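Shown next, in structure tokens, is the structure this report addresses.
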Amino acid sequence: MSDRSLYRCYAIRRLNPFRGIIKVLQLHSSRAISLDGRDWEIQIRAARPDDMWGAVTPGPVTYQYLRFGIWSQQQGLQRVPANPLLDLSSMLKKVDLLIDALEGKQVEIPFSLQDRHEFWLLDGSQRLPLALLASGIRPSDRKQGMSWHAADASNGDFDSEDADLIRPPHPKEVNPLPHTSALKRLVQIESGHAVGQWFERDAAGYGTGGVVETAPSLSGRTLEPAQFPELLLRRGWSDRYANALVSDYLAWTSPSLLTLQNLEDLTRKWLQRQARYHASRVNEIWPLYPREVDQAFIDAARVEARIKA
């Protein structure tokens, strides 16, 4: 079995739109990543095949992570075709070590979130965090975009009966995603001039702000944990329509939001109640849930998913 000191386990969030977390097991120059906690994509860091033809190439050799195969406890390793120019013998040794670590430790090791550098879209009035757009493990990961996305178009739309009573949506023949697009417009309007800011969060949740060239007074400020939306999008809006839309959106994404760590107990209980209406999604990703999630809730959702399958 692999020495635990040789490898590193962590998780990062899949953002904009938020789709849960990615678990990563890193071992030297190899890694395994999982989107569901069951199937792991094995990746080996190696010289790019384009640089291995034997000819002298300009500049340094380019290294990157190459997809080697998929591993699971149930089916073992399923390899993908590999470039014959790669050093397959060396790669197989790395794969064996990685699988040994997965077999021995994948259940018991905590995969804590490590993407503590966060890029937030700020609201237009108080310039406080409104919606999380991006995150990274290191300052060098700070890439950004200013448009917040509620969901991928392939995921369809969510229902919001309370919002529809206040403001009837356009027919789906005109707009097939009326609630998703309405929510995106709300966030755009609330953000005003669409100012974003990077924050480095500490273990207690406080965030130190990075430089904001368009608003220098915001640079270097420190915000308290409560000033960062717990569910990555601000709750408690100024009117009933916005509150209904945001609440129903968070209920729709509750199975993914349950993968977040360090949620308040009341928040997690509310998410679990909402996620019961999305049993199939819970069944897909429940291995990613922290230990604080109620096992009885998971069992009930999995049974319901099997019945409906």
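Scanning segment 258-270 turns up no residue that is in contact (Cβ under 8 Å) with a residue 40 or more places away in the chain and either in a helix (DSSP H, G or I) or among the small types (Gly, Ala, Ser) (or both). Residues in segment 89-108 that are buried (at least 17 other Cβ atoms within 10 Å of the Cβ) and either at pLDDT below 85 or among the β-branched types (Val, Ile, Thr) (or both): Met91, Lys94, Val95, Ile99, Gln106. Evaluate the following for Ser280: is it surrounded by fewer than 15 Cβ atoms within 10 Å (Cβ to Cβ), among the polar types (S, T, N, Q), over 19 Å from Phe119 (Cβ atoms) and free of Cβ contacts under 8 Å to residues at least 60 places away in the same chain? Judged against the criteria, Ser280 is a match. Scanning segment 119-156 for residues being exposed (fewer than 12 other Cβ atoms within 10 Å of the Cβ), part of a loop (DSSP other than H, G, I, E, B) and touching an Asp or Glu at 6+ places or on another chain (Cβ under 9 Å) gives a total of 1. The listed residues are Trp198, Trp252, and the only one of them that is in contact with a strand residue (DSSP E or B) (Cβ under 8 Å, 6 or more places away or on another chain) and within 30 Å of Leu288 (Cα to Cα) turns out to be Trp198. Checking each residue in segment 109-131 for being farther than 16 Å from Thr208 by Cβ and either in contact with a Ser or Thr (Cβ under 9 Å, 6 or more places away or on another chain) or touching a residue at least 40 places away in the same chain (Cβ under 8 Å) (or both) picks out Ile109, Pro110, Phe111, Ser112, Leu113, Gln114, Leu121, Asp123, Gly124, Ser125, Leu130, Ala131. What do you reckon, is Phe68 in a strand (DSSP E or B) and at pLDDT below 90? When the stated conditions are applied, Phe68 passes them. Listed by first and then second residue, the pairs with beta-carbon distance under 6 Å, at least 6 apart or on different chains, first residue in segment 294-309 and assigned by TED's automatic domain parsing to the domain that holds Val282, second surrounded by 15 or more Cβ atoms within 10 Å (Cβ to Cβ) and aromatic (Phe, Trp, Tyr), are Ile298/Trp286. Hey, among Glu213, Glu190, Glu264, which residue is touching an Asp or Glu at 6+ places or on another chain (Cβ under 6 Å) and either assigned by TED's automatic domain parsing to the domain that holds Gly145 or under 24 Å from Ser135 (Cα atoms) (or both)? Just one listed residue meets the conditions, Glu190. Could you check, for segment 157-179, whether at least one of its residues is free of Cβ contacts under 8 Å to residues at least 60 places away in the same chain and within 30 Å of Pro216 (Cα to Cα)? Scanning segment 157-179 turns up no residue that is free of Cβ contacts under 8 Å to residues at least 60 places away in the same chain and within 30 Å of Pro216 (Cα to Cα). Being assigned to a helix (DSSP H, G or I), touching a His at 6+ places or on another chain (Cβ under 7 Å) and either closer than 22 Å to Pro178 by Cβ or small (Gly, Ala, Ser) (or both) is a property that Leu250 lacks. Scanning segment 162-207 for residues that are modelled with pLDDT of 90 or more, surrounded by fewer than 16 Cβ atoms within 10 Å (Cβ to Cβ), over 15 Å from His117 (Cα atoms) and in contact with a helix residue (DSSP H, G or I) (Cβ under 8 Å, 6 or more places away or on another chain) yields Asp162, Ile166, Arg167.
With the condition kept exactly as written, say whether any residue in segment 208-229 is in contact with a helix residue (DSSP H, G or I) (Cβ under 7 Å, 6 or more places away or on another chain), farther than 18 Å from Gly192 by Cβ, small (Gly, Ala, Ser) and buried (at least 18 other Cβ atoms within 10 Å of the Cβ). No, there is no match, as no residue in segment 208-229 is in contact with a helix residue (DSSP H, G or I) (Cβ under 7 Å, 6 or more places away or on another chain), farther than 18 Å from Gly192 by Cβ, small (Gly, Ala, Ser) and buried (at least 18 other Cβ atoms within 10 Å of the Cβ). Looking at segment 1-20, can you tell me whether even one residue there is part of a loop (DSSP other than H, G, I, E, B), crowded, with 16+ Cβ neighbours inside 10 Å, of a type outside the set (Lys, Arg) and modelled with pLDDT under 85? For segment 1-20, residues part of a loop (DSSP other than H, G, I, E, B), crowded, with 16+ Cβ neighbours inside 10 Å, of a type outside the set (Lys, Arg) and modelled with pLDDT under 85: present.
The values are calculated or read from the model by the stated rules, or taken from the named source; none is laboratory data. Given the structure is predicted, the values throughout are model-derived calculations rather than measurements. Methodologically, a virtual Cβ is constructed for each residue, glycine included, from the backbone with ideal geometry; neighbour enumeration extends over all protein chains shown.
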